[in-house]
Each structure stands twice: as structure tokens, then as C-alpha cells.
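The values are calculated or read from the model by the stated rules, or taken from the named source; none is laboratory data. Just so it is clear, the model here is predicted, and its values are computed rather than measured. Cβ: placed from backbone, ideal geometry, glycine included. Neighbour counts: every protein chain shown.
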């Protein structure tokens with residue numbers, strides 16, 4: 001798969017998709033509270049997305065190599081689940097949990113991808129620090145994504161900021177997005193300066209650091225999707241879709 005340099009029309013369409021997605025995910029985050037199930041959140045997400053005429057792009061999406069399609073409208077990962085958790089009626093949120101909300105929508109034919117991790121009620125200082133630092137790691141990665149830099153520069157910036165304070169998930173990464181759900185390039189959260197795909201103005205990528213309080217290692221669950229930390233430690237995930245320009249990148253998934 002080759003890197004797709006977007007046309008002005010495509011950029012305008014993906015920009016609109018990103019704005020819509022940012023508003024939707026903000027609404028979903030405000031719905032999260034102790035006592036509701038992740039299934040409840042998924043049902044609410046589906047309602048909000050489809051009421052606006054948009055499509056939840058993860059629903060029935062079957063990635064290459066998967067045995068079955070993803071069965072929900074939003075990926076919801078709780079505590080030691082890193083990403084791609086499947087909503088369930090039996091998974092009830094409780095005070096002190098942390099929840100990654102990862103949403104991909106299709107708006108007028110274009111895709112945008114956005115995620116953040118939210119607290120359920122009051123959480124520990126350690127968990128709040130994890131959320132704050134993962135969000136900042138994303139910001140550090142974004143501001144390194146200048147036209148003419150490389151994906152290795154993004155990974156290097158994130159890895160340098162983390163500085164071994166957390167485990168960095170290495171088997172999963174950001175990616176190109178917009179015309180398709182997943183496009184080249186592969187955007188890791190670690191790397192070497194100047195290495196990898198050059199960032200060309202007109203590229204649109206999703207950057208998404210996943211940090212664990214414990215080690216780097218993860219395990220893939222038997223449901224075919226849910227990824228957990230191998231040591232049971234809590235994990236946080238933040239993601240924005242951005243446009244590469246000649247100068248500072250444009251964040252497309254913000255209100």
C-alpha cells in the first residue's frame with residue numbers, strides 16, 4: 001500500500017469528518033459514569049453517530065487476518081485493556097476505573113480516527129498522572145510531525161518524552177487514514193531520528209501513543225480483538241488525526 005497524498009477536496013472532507021468526530025467523542029465521554037456497562041456506552045455511541053447521518057466505521061470492519069468482524073460501534077478498553085476492547089453488558093464501570101474510548105467514523109465518504117482515556121469518577125493520582133502523561137506524549141508526537149521530518153522523528157520524540165517512565169506498546173502503532181481506515185505509513189511510538197517514511201505535506205496520519213504503568217509487553221485475547229497489558233498494569237491511549245503541512249501540523253480531530 002502506497003502513502004496517499006490527499007487532494008484539497010479530500011483534505012476538506014477529512015477535516016469535516018474530524019470536526020464531527022471530535023464533537024461526537026466529547027458527547028460519549030460525558031456519558032461515562034460509574035454503574036453503566038460498556039455495552040451501554042456502545043449503544044449510546046451508535047445512536048449519536050447515526051443520528052447525525054454518519055457511519056461507525058469499526059462496526060463490522062474486518063481487518064486483514066482477522067477471523068471475524070469487529071462487533072461494535074466503538075472500541076472501549078478498561079484499566080489493563082490497552083485497545084480494541086469489545087463492549088459487553090457484563091462489564092460494569094466502577095469508580096476509579098480508567099476507560100479508553102477509541103472511535104473511527106465515516107463522514108460523507110471520509111474517515112477520521114480519535115481516542116482518549118477518561119476517568120470514571122475519582123481516580124488515583126497515579127492513574128491521573130498516566131492519563132496526563134499519555135496525552136502529553138501525543139502532543140509531543142504531533143508537534144514533531146512537521147513537513148520534511150520522518151515517522152522516526154515522531155517515534156523518537158514520544159519515546160524520549162516517556163524516558164522509560166512507562167511501558168510503550170510497540171506491536172501497535174498509528175497509521176495513515178482518511179480515504180481508507182488504515183493507510184501507510186505505520187507510525188510507531190518509538191524510533192530513530194530521520195528514519196522511516198518522510199512526512200510530505202498533504203499526508204494525513206493518526207498518531208496514537210499507548211502507555212502502560214508497567215512493562216511494554218501485551219497479550220492478545222481469544223476474542224480476536226482485545227489487547228491487554230501482559231503484567232496486568234493499567235494502560236492509557238490518546239489519538240488524533242492530523243494533517244501534515246509545510247510547518248506545524250493541523251489537528252483535525254479537535255473541537
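The C-beta contact set for region 191-206 (first residue on the phi > 0 side of the Ramachandran plot, second residue surrounded by fewer than 16 Cβ atoms within 10 Å (Cβ to Cβ) and in a loop (DSSP other than H, G, I, E, B), distance under 6 angstrom, 6+ apart or interchain) comprises 202/5. Restrict the check to region 86-99 and report whether at least one residue is surrounded by 18 or more Cβ atoms within 10 Å (Cβ to Cβ), part of a helix (DSSP H, G or I) and in contact with a helix residue (DSSP H, G or I) (Cβ under 6 Å, 6 or more places away or on another chain). No, every residue in region 86-99 fails to be surrounded by 18 or more Cβ atoms within 10 Å (Cβ to Cβ), part of a helix (DSSP H, G or I) and in contact with a helix residue (DSSP H, G or I) (Cβ under 6 Å, 6 or more places away or on another chain). On the stretch given as region 118-134, residues that are surrounded by 16 or more Cβ atoms within 10 Å (Cβ to Cβ) and not in a strand (DSSP E or B) total 7.
Filtering region 59-70 for residues that are at pLDDT 95 or above, within 21 Å of residue 254 (Cα to Cα) and surrounded by 15 or more Cβ atoms within 10 Å (Cβ to Cβ) leaves an empty set. Answer yes or no: is there a residue in region 103-117 that is more than 25 Å from residue 5 (Cβ to Cβ), out of contact with any helix residue (DSSP H, G or I) (no Cβ under 9 Å at 6 or more places or on another chain) and either touching a residue at least 40 places away in the same chain (Cβ under 8 Å) or not in a strand (DSSP E or B) (or both). Looking for residues that are more than 25 Å from residue 5 (Cβ to Cβ), out of contact with any helix residue (DSSP H, G or I) (no Cβ under 9 Å at 6 or more places or on another chain) and either touching a residue at least 40 places away in the same chain (Cβ under 8 Å) or not in a strand (DSSP E or B) (or both), one finds none in region 103-117, hence no.
Filtered by the rule that a residue be assigned to a helix (DSSP H, G or I), touching a helix residue (DSSP H, G or I) at 6+ places or on another chain (Cβ under 7 Å), farther than 30 Å from residue 184 by Cβ and in contact (Cβ under 8 Å) with a residue 24 or more places away in the chain, region 1-58 gives 41, 48.
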